[in-house]
Each structure stands twice: as structure tokens, then as C-alpha cells.
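Report on the following structure.
Bear in mind these aren't lab numbers, they're just calculated from the coordinates by the rules spelled out. Everything quoted here is computed from the prediction, not taken from an experiment. Because the Cβ atoms are built from the backbone with ideal geometry, glycine has one as well, and the counts that use them run over all protein chains shown.
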Amino acid sequence: MRRRVILLGPPGSGKGTVAARLKNECGFDHFSTGHWLRQEVARGSALGRQAGLFLERGELVPDEVVLALVKDALSNAQPDLGYLSDGFPRTLAQAQAFDAWSSPRGLGIEQVIYFECSEALVLNRITGRRSCGSCGRVYHVTLVPPGQPGRCDDCAGELTQRADDTESVVRKRFKIYLRETEPLIDFYRQQAKLDVVNASQPVDVMMSQTMSLLQR
Ligand code: ADP
Ligand code: AMP
């Protein structure tokens, strides 16, 4: 199985949901730049203060900030260590800079799985998304509900709605996705690293198709 993998797709396409399952079921080392940035904001660190406004407005955090975060996290990694990234890279500049940094270190991306999905679907999924404040597990009020409303099945933490998951911010994030992130599809297709999963299918189907692609 390939071990250095990127999940690419619009916000709400199910990257975090599938990544969490791949982590549990296949032992992938999953990282999410969005999750890291939210942690920095919650901690009130200098980086968090710098990034907070971008997150609130649904805009991308500057490339150099995100790249520094990822390089720092991977800098002590063993060349044969795997990773599963959800939410990075998100611009062509990030993708190119990460290729240049990671390849000589033996940490280059091996496979990119693109979760293809429409704006209407994304809007419904994100506005119903609820996340656990303690462990980060993600639910949906109707599509992926917790056993007990408002409480995480795993740790009983409180489920809350992200400040950037409102309809107007999601529409903006989708526009930014089309402009900044969608070009990565061709970028990775040209590198013969791209596989596509139809993200409008149920989670279990997305999961099994992703697993088969990872085992090719
Ligand atoms: P992303 O990480 O791509 O932003 P998430 O994994 O957080 O997306 O999923 C967005 C929302 O959609 C969540 O509320 C999640 O529970 C729900 N969801 C994810 N995948 C599916 C799916 N295949 N079918 C139905 N709902 C889904
Ligand atoms: P996510 O959790 O992936 O939905 O990301 C939430 C927010 O974090 C995004 O709307 C951006 O503001 C920021 N963010 C996450 N990853 C990146 C990235 N690779 N580049 C720039 N901003 C990012």
C-alpha cells in the first residue's frame, strides 16, 4: 500500500471523515492543516493570532505560514514514514514548494486521491457538520448523526458547529477552492499521481473505493 497520500477535494467532500477512518483502520499518520491551525487559534499562539482572521473569513492562510507548519511537523520524519494529508496542499505554490522540499528528503507525495463533489452537496454537508471539541471527530446532524444528540460517541465531548461552516462562508470557501485548489487536479494528473473517487456516495462506499485505490 502507498504510504504518502494526499486527499484533495472541496471543503465538505468528506476528506476528514475518510482520513479518520483510514487512520483507525490502516494506521495512517493523518494530518490536517485546518485542524492544526484551529488548535493554534484556540491556544492563542502568535501563529494562531496571525491565522485566526483568515479562518474566520473562510480565506486561505498565507502559503508561507502553512508551509512552515507542515515542514516543521515532517522535518524529523523518517524517509519511509507515511502520511495522509487532508487539506494540504491547497494552492499551486504550496504544491510546488512542498514537492521541492519533500522529494530530496524521500518524503515526496506518492498518490493523490481527488474527492469529486458538487457545490450543492458540499453546502448541505458543511452546514450540518458538527465537530467534537475534545477529540475532533466529525458528525453531521442528519447524514452522520451521533448516538446521543450533541455528544461525541467516542469521548462524550460536546459537539459544536465551526464558525466558518455557515452558508455564506462556505460559498466563499467553495469559490476560493475553485480558483486556488482545483488547478492541483491537473498538476497531479500530469505527474500521474491522481485517482478520483465520486464523493457524492455514502461514506462506506467512498471508504472502500479509497482503500482499493490505495492498494493498487
Ligand atoms: P472535509 O474534511 O472534506 O471538509 P468532512 O469529512 O468534514 O469534509 O465532511 C463534511 C460533512 O459531511 C461532515 O458533517 C460529515 O459528517 C459529512 N460527510 C462526509 N462524507 C459524507 C458522505 N460520504 N455522505 C454523507 N455525509 C458525509
Ligand atoms: P479545513 O479544516 O481543511 O476546512 O480548513 C479550515 C481553514 O484553515 C481553511 O478555510 C483555511 O483558512 C485554513 N487552511 C487549512 N489548510 C490550509 C492550507 N493548506 N492553506 C491555506 N489555508 C489553509
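The calculated P(r) of segment 49-93, using every Cα pair and 5 Å bins from 0, goes 5, 18, 25, 25, 14, 8, 5, 1 in percent. Neighbours of K71, meaning other residues whose beta-carbon lies under 14 angstrom from its beta-carbon, give a summed charge of -3 when Lys and Arg score +1 and Asp and Glu score -1. Over the chain, what is the relative contact order in whole percent, taking alpha-carbon pairs under 8 Å and six or more residues apart? Relative CO of the chain lands at 30 percent.
Note on K71 and Q148: the model spin-label points, each 7 Å out from Cα along the C-beta direction, lie 4.6 nm apart. Its DSSP H runs of at least 4 residues, each contributing -39,500 (n - 2.57), put the calculated 222 nm mean residue ellipticity of the chain at -13500 deg cm²/dmol, to the nearest 500.
In plain terms, the C-alpha convex hull of segment 154-215 casts an average shadow of 6.7 nm² when viewed from every direction.
Counting only DSSP beta bridges whose two residues both lie in the chain, roughly 30 percent are antiparallel.
Considered as an equivalent ellipsoid built on the Cα gyration tensor, the chain has semi-axes of 25, 21, 18 Å, the largest given first.
For segment 89-216, a Kirkwood hydrodynamic radius built from all Cα pairs, placed in the Stokes-Einstein relation at 10 °C and 1.306 mPa s, yields a translational diffusion coefficient of 95 µm²/s. Fraction of C-alpha pairs exceeding 24 angstrom in segment 64-160: 46 percent, rounded to a whole number.
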